[in-house]
1. Can you compute the FRET efficiency between R192 and L171 using 1/(1 + (r/R0)^6), with r the Cβ-Cβ distance and R0 = 22 Å? Round to the nearest 0.05.
2. Based on the alpha carbon coordinates of region 53-96, what radius of gyration and maximum Cα-Cα distance (Dmax) apply, in Å?
3. Compute the length gained on full extension between Q84 and L178: take 0.36 nm times their separation in residues and subtract their Cα-Cα distance, giving the result in nm to one decimal.
4. How long is the gain from D40 to N185 if the chain were fully straight, where each residue apart is worth 0.36 nm and the alpha carbon distance is subtracted?
5. Would you mind working out the accessible area per residue for region 14-87, using a 1.4 Å probe, and quoting it in Å²?
Amino acid sequence: PKHEANSGRILKMKQKILIVDDEPDALELLEINLKGAGYDVLTAHDGAEALKKTRDHLPNLLILDLMLPEVDGLEVCKILRRDQRTSGIPILMLTAKAGEMDRVLGLELGADDYVTKPFSPRELAARVKAALRRINTGTGSGVERSVLSFKHVRIDIGAHIVSVDDVPIELTSIEFDLLRALAENRGRVLSREQ
């Protein structure tokens with residue numbers, strides 16, 4: 001969800017989850033349960049759409065079916081892990097393939113967790129929450145990621161992502177740190193050292 005101009009206050013943003021599954025019933029079940037748990041949910045029906053939506057929206061977590069049309073889930077996982085902008089997004093593989101080799105391959109290609117179908121929606125929601133907690137805080141404290149937001153600019157401190165009108169902007173780490181310092185000290189004069 002978009003936030004109004006708020007004088008630079010730190011906000012707690014809803015976590016954005018992209019669900020990728022070519023089975024409409026599974027997609028709807030996941031979407032309903034995760035929206036009910038308070039997440040902002042996006043959906044995709046195939047691997048190509050998943051890649052595009054991931055790059056366009058930079059979700060906080062991806063639930064990815066293994067067997068997809070266009071580009072399969074393993075290939076989507078590999079492509080996202082090679083891209084610097086998407087490499088840190090947690091990926092939860094969701095599939096009917098329950099064999100040990102399938103699970104091992106999914107985890108070796110970069111999935112953070114692996115859930116087999118049929119699944120319990122409550123267990124899946126708990127795994128999503130745990131994955132987001134690990135990635136967002138690095139400490140497991142359960143605190144949501146801090147975001148600075150001004151009219152058209154959004155600075156996601158935890159993910160080191162800056163976006164203008166929801167379009168991510170590439171910055172060096174020094175540029176990011178400078179922008180963050182200026183945003184956090186809005187209205188104050190800072191010395192060169194600060």
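The values are calculated or read from the model by the stated rules, or taken from the named source; none is laboratory data. Here the structure is a predicted model, which is why all the values come from computation and not from measurement. Ideal geometry is used to build each Cβ from the backbone, glycine not excepted, and the neighbour counts take in all protein chains shown. Side chains included, ligands, DNA and RNA excluded: accessible areas come from the protein's heavy atoms. Shrake-Rupley method; radii C 1.70, N 1.55, O 1.52, S 1.80 Å.
1. Working: r = 19 Å, r/R0 = 0.88.
Working from the Cβ atoms, E equals 0.70.
2. Over region 53-96's Cα set, Rg and Dmax evaluate to 9.9, 29 Å.
3. Values: separation 94, 0.36 × 94 = 33.84 nm, distance 2.08 nm.
My answer for the length gained is 31.8 nm.
4. Net length gain for the segment: 49.2 nm.
5. Result: 45 Å² per residue.
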